[in-house]
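Novice: My questions all concern the structure below.
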Amino acid sequence: MALFRYEAVDSKGRVLRGVMNARSESEVADNLTSKGYGVRFIQSTNPRQTSSSHQASAASQSRRTAPTSVPISVRSVVPLASLAAFFRQLSILLKSGISVHQALSDIIATSRQRKLKAALPVMRDSVQAGNSLSSAMAAYPGIFPAWTTACVWAGELSGKLDIALEQVADDLEREAKDARFGSIWWIITKLTILLAVTFLPLFDLSKVITPAIGANQLDPVVDILIPTLYRLIKWLIVAGFFGVAFLGWTEIKRIPALRSALDTVLLCVPVWGKLHKYRSLNRFLRSMDMMYAAGIPPTTAWDAASLTAPNNAVAQKLKQSASAGGSTESASNRFAAAGLFDSDDIGMAAAGERSGRLPDAFAQLARTYNDRAAAQKSMGRIWSTSAFISFQIAISGLLIIIMTYSYFKSIFGIAGGI
């Protein structure tokens, strides 16, 4: 028999802590479950068993929670601003000492987003039954991208859930701001394409000039208006196909396999590829800093942090580097195996290991990648603005060329027939 500390939650979401005399951790869990409690944590009070018990518990939690393959992060069906507000509210409530279960109940009462409001009661009941918040979120991958769930998992492992939620809110708010900026140019570009395709027949002056000059008795309705309307309707159908394609693309991108392939291609795009890579590595390094500082075993920390990268291709490489390295591989060697970090960054990680200050090294690298991402973002906006202006000029020039060519074609054609 041994003495075990435990932490459990009752049916009302209240946390219960205490000690119990039992033969094993499983017996403690069975006793608590039979009384209607959800088990959160069990640890032996024997100093000689504490370390091994803690590592075994963490490893067990990692096996239960970590997916065998890397889950794919897809864009949430909930607007980014609404999702950011959810994480912000949850962080504030937890910082004030309110339990996760009660915080979810409070948010349900104020939420106005339909899909999120429908999922929250189920999540609340799951947490009340003793499951973690990250497990409850994982049941809704369409609402909570995999990287947000992984960030919450990392916060739970490190005991800094409120901080992790705040960081997720910051990232989502920044992403929402960038999306609003980009959507302005993208909407104008799509409208330009649709309008150009729809009204393209009007720029073909040969269809108007030839009947007007060649006919002995011109009937404006029969000779000009009706043929023009016919051509407009024909091209309007083509424009409709473009419109459906634009709308469908938003949904198609949520297919996991396609999203993963797009993220792989995105890393090869100049400027924007580096921006997404640097942001993903910044997110990964912040999670590593948080968990290493909390004493989480390296393998568990890497498993959780690798999933926090928003770009799926980056997350896959980080996960594969851990699988290839094994549990005894150093952080610097895993950095090198991932193929994502510069040699200076690998050296920084190695210096942190030699000095015993690896969390500080992670924090410094996170700041470095945040600065790099900011620089790429500024450059990307310049490129985007230039590309947008060039596209508008190209479309306008194409229409002018069509108009001019059709005009002179009609004039010279009629002149040649005289």
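Novice: Among ALA294, ALA301, ALA315, ALA305, which is the only one that is aliphatic (A, V, I, L, M), out of contact with any Phe, Trp or Tyr (no Cβ under 9 Å at 6 or more places or on another chain) and in contact (Cβ under 8 Å) with a residue 24 or more places away in the chain? Before you say what the answer is, go through the steps one by one.
Specialist: On the way: ALA301 fails: out of contact with any Phe, Trp or Tyr (no Cβ under 9 Å at 6 or more places or on another chain); ALA315 fails: out of contact with any Phe, Trp or Tyr (no Cβ under 9 Å at 6 or more places or on another chain); ALA305 fails: out of contact with any Phe, Trp or Tyr (no Cβ under 9 Å at 6 or more places or on another chain).
On inspection, the qualifying residue turns out to be ALA294.
Novice: For GLY295, state whether it is assigned to a helix (DSSP H, G or I) and not assigned by TED's automatic domain parsing to the domain that holds CYS151.
Specialist: no
Novice: Does ASP263 fit the bill of being assigned to a helix (DSSP H, G or I), over 14 Å from the mean Cα position of the chain (by Cα) and among the acidic types (Asp, Glu)? Break it down into steps so the answer makes sense when it comes.
Specialist: On the way: assigned to a helix (DSSP H, G or I): yes; over 14 Å from the mean Cα position of the chain (by Cα): no; among the acidic types (Asp, Glu): yes.
Answer is no for this residue.
Novice: Sticking with this one: Going by the conditions given, is ASP344 farther than 27 Å from LYS160 by Cβ and touching a His at 6+ places or on another chain (Cβ under 8 Å)? Steps first, please.
Specialist: Working: farther than 27 Å from LYS160 by Cβ: yes; touching a His at 6+ places or on another chain (Cβ under 8 Å): no.
Answer is no for this residue.
Novice: I want to confirm something. Restricting to the range 94-105 and keeping residues that are in contact (Cβ under 8 Å) with a residue 60 or more places away in the chain and either of a type in the set (A, V, I, L, M) or at positive phi (or both), which single residue is surrounded by the fewest Cβ atoms within 10 Å (Cβ to Cβ)?
Specialist: In this case the residue turns out to be LEU94.
Novice: Also: Can you tell me which of SER91, SER73 is on the phi < 0 side of the Ramachandran plot, in contact (Cβ under 8 Å) with a residue 60 or more places away in the chain and in contact with a Phe, Trp or Tyr (Cβ under 7 Å, 6 or more places away or on another chain)?
Specialist: After ruling out the rest, the residue left standing is SER73.
Novice: Kindly indicate whether any position in the range 328-346 is modelled with pLDDT of 80 or more, β-branched (Val, Ile, Thr) and within 30 Å of GLY182 (Cβ to Cβ).
Specialist: Taking every residue of the range 328-346 in turn, none turns out to be modelled with pLDDT of 80 or more, β-branched (Val, Ile, Thr) and within 30 Å of GLY182 (Cβ to Cβ).
Novice: From the list ARG354, ARG259, ARG286, which residue is closer than 23 Å to PHE144 by Cβ and surrounded by fewer than 20 Cβ atoms within 10 Å (Cβ to Cβ)?
Specialist: Details: ARG354 fails: closer than 23 Å to PHE144 by Cβ; ARG286 fails: surrounded by fewer than 20 Cβ atoms within 10 Å (Cβ to Cβ).
Checking each option against the conditions leaves just ARG259.
Novice: Only one of (1) surrounded by fewer than 15 Cβ atoms within 10 Å (Cβ to Cβ); (2) at pLDDT 85 or above; (3) part of a helix (DSSP H, G or I) is not met by CYS268, so which one is it?
Specialist: (3) is the only condition that CYS268 fails.
Novice: A follow-up question, please. Return the residue satisfying two criteria in turn: it lies in the range 299-327 and is modelled with pLDDT of 90 or more and assigned to a loop (DSSP other than H, G, I, E, B), and of such residues it is farthest from THR149 (Cα to Cα).
Specialist: ASN311
Novice: Which of the following residues is β-branched (Val, Ile, Thr), in a helix (DSSP H, G or I), touching a helix residue (DSSP H, G or I) at 6+ places or on another chain (Cβ under 9 Å) and under 26 Å from GLY36 (Cβ atoms): ILE92, ILE107?
Specialist: The conditions single out ILE107.
The values are calculated or read from the model by the stated rules, or taken from the named source; none is laboratory data. Keep in mind the model is a prediction, meaning the values are calculated, not measured. Cβ atoms come from the backbone with ideal geometry, glycine included; neighbour counts cover every protein chain shown.
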